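Undergrad: The structure that follows is given in the form of structure tokens.
Please treat every number below as a calculation from the coordinates, not as lab data. Because the structure is a prediction, the values reported are computed rather than measured. For neighbour counting, all protein chains shown are included, and Cβ atoms are generated from backbone atoms with ideal geometry for every residue, glycine included.
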Amino acid sequence: MKVHNTLGNGFQEVIYQRCLAIELERAGLGFARELEHTIYYDGIDVGTRRADFVVENKVIVELKAVKNLEDVHLAQAKNYVIAYDKPIGLLINFGSCSLQFKKIYNPKYNPPS
């Protein structure tokens, strides 16, 4: 919220990503930025994707800087949450006049034993 209140909308996604990293550090949260993850299809490596943030090794955070969130953005964030096998994700859009965010749950989450 602080990042959006300070900058407003209109910047590229990478600017918000850098500012959010500063705020996560200040909050003392562990995170990885642009963490690459292999995507498999039927057990075969078909490429990699990068989530904007993995926070505390539990939450995928995907950022957008678009006028409005669309279903495709939600689908992408949900796919990341499932691919990274994390329990929840957060999709945040800094591009609208008011900050938009959606919490995403992983219906296929397998907690570590």
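Undergrad: How much length is gained on full extension from Gln76 to Asp45, taking 0.36 nm per residue of separation minus their Cα-Cα distance?
TA: 9.3 nm
Undergrad: Would you please name the trypsin sites (Lys or Arg not before Pro) within the range 1-76 that are DSSP coil residues with at most 12 other C-beta atoms within 10 Å of their C-beta?
TA: Filter output for the range 1-76: Lys58, Lys67.
Undergrad: Using Cα atoms only, what is the angle between the long axis of helix 13-26 and the major principal axis of the chain, expressed in degrees (0 to 90) to the nearest 10?
TA: 90
Undergrad: Within a 10 angstrom radius of the beta carbon, how do Asp85, Asp52 rank from fewest other beta carbons to most?
TA: Arranged by neighbour count, lowest to highest, Asp85, Asp52 become Asp85, Asp52.
Undergrad: Using Kirkwood radius over Cα pairs in Å as the read-out, say which of [x] 18.6; [y] 15.3; [z] 14.6 was calculated from these coordinates.
TA: Derived directly from the coordinates: [z].
Undergrad: Once you have a ≥ b ≥ c as the square roots of the Cα gyration tensor eigenvalues for the range 1-66, tell me rounded if a/c is under 1.5, and otherwise prolate or oblate according to whether a/b is larger than b/c. It would help to have the intermediate numbers written out before the result.
TA: Numbers: a/c = 3.48, a/b = 1.75, b/c = 1.98.
Oblate.
Undergrad: Would you please name the GluC sites (Glu not before Pro) within the range 29-71 that are DSSP coil residues with at most 12 other C-beta atoms within 10 Å of their C-beta?
TA: Passing sites in the range 29-71 are Glu56, Glu70.
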